[in-house]
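S.K.: The structure under discussion is supplied below as structure tokens; questions concerning it will follow.
The values are calculated or read from the model by the stated rules, or taken from the named source; none is laboratory data. Nothing here was measured: the structure is a model prediction, and the numbers come from that model. Glycine also receives a Cβ, built like all others from the backbone with ideal geometry; neighbour counts cover every protein chain displayed.
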Amino acid sequence: GDDLFLEHDLDFVTATLGGEIVVPTLDGEATLKIPAGTASETIFVMKEHGMPRLQARGKGSQKVLVRIIVPKKVNKKQKELLKEFSKLSKKKGWF
């Protein structure tokens, strides 16, 4: 069809807090807003960023599948902060 598919790595901080990412499109780069609490394997639809429709007006969509990347290495400070986050989250019953 006229839709395009893209896989994009997303850091866990942006997935948790939300933010913006820049993704390639046929027309250059575009900004995609990521809502807070985005789960891995979420698909975002960017309308009118796909292939031009043959014998019709407009374009298809670009579908962006995000995959959350977990760091393989963290330094001592990051480890302490993540442990504190986990501790606070368990107290609040978030997980």
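S.K.: When Asp27 is evaluated against the numbered criteria (1) within 29 Å of Val74 (Cβ to Cβ); (2) at pLDDT below 95, which criterion, by number, is the only one it fails?
M.R.: Every listed condition holds for Asp27 apart from (1).
S.K.: Might you check whether a residue that is within 24 Å of Gly19 (Cα to Cα), of a type in the set (Lys, Arg) and in contact (Cβ under 8 Å) with a residue 40 or more places away in the chain occurs anywhere in region 68-91?
M.R.: no
S.K.: Okay, moving on. Could you run through region 25-60 and say how many residues are touching a His at 6+ places or on another chain (Cβ under 8 Å) and either touching a residue at least 60 places away in the same chain (Cβ under 8 Å) or among the hydroxyl-bearing types (Ser, Thr, Tyr) (or both)?
M.R.: 1
S.K.: Another question, if that's okay. Would you check if there is a residue in region 70-86 being among the polar types (S, T, N, Q) and surrounded by fewer than 11 Cβ atoms within 10 Å (Cβ to Cβ)?
M.R.: Yes, there is a match, as at least one residue in region 70-86 is among the polar types (S, T, N, Q) and surrounded by fewer than 11 Cβ atoms within 10 Å (Cβ to Cβ).
S.K.: Continuing with this model, one more query. Which of the residues spanning region 33-69 are among the hydrophobic types (A, V, I, L, M, F, W, C) and touching a Phe, Trp or Tyr at 6+ places or on another chain (Cβ under 6 Å)?
M.R.: Val64, Ile68
S.K.: Looking for something over 17 Å from Leu6 (Cβ atoms) and basic (Lys, Arg) - is there at least one such residue anywhere in region 44-63?
M.R.: The answer is yes; a qualifying residue exists.
S.K.: Here's another thing I want to ask about it. Return the residue satisfying two criteria in turn: it lies in region 1-39 and is small (Gly, Ala, Ser) and surrounded by 14 or more Cβ atoms within 10 Å (Cβ to Cβ), and of such residues it is nearest to Ser86 (Cα to Cα).
M.R.: The extreme case among them is Ala15.
S.K.: Go through region 41-57 and give me each residue that's small (Gly, Ala, Ser) and exposed (fewer than 11 other Cβ atoms within 10 Å of the Cβ).
M.R.: Ala56 - this is the single residue of region 41-57 that is small (Gly, Ala, Ser) and exposed (fewer than 11 other Cβ atoms within 10 Å of the Cβ).
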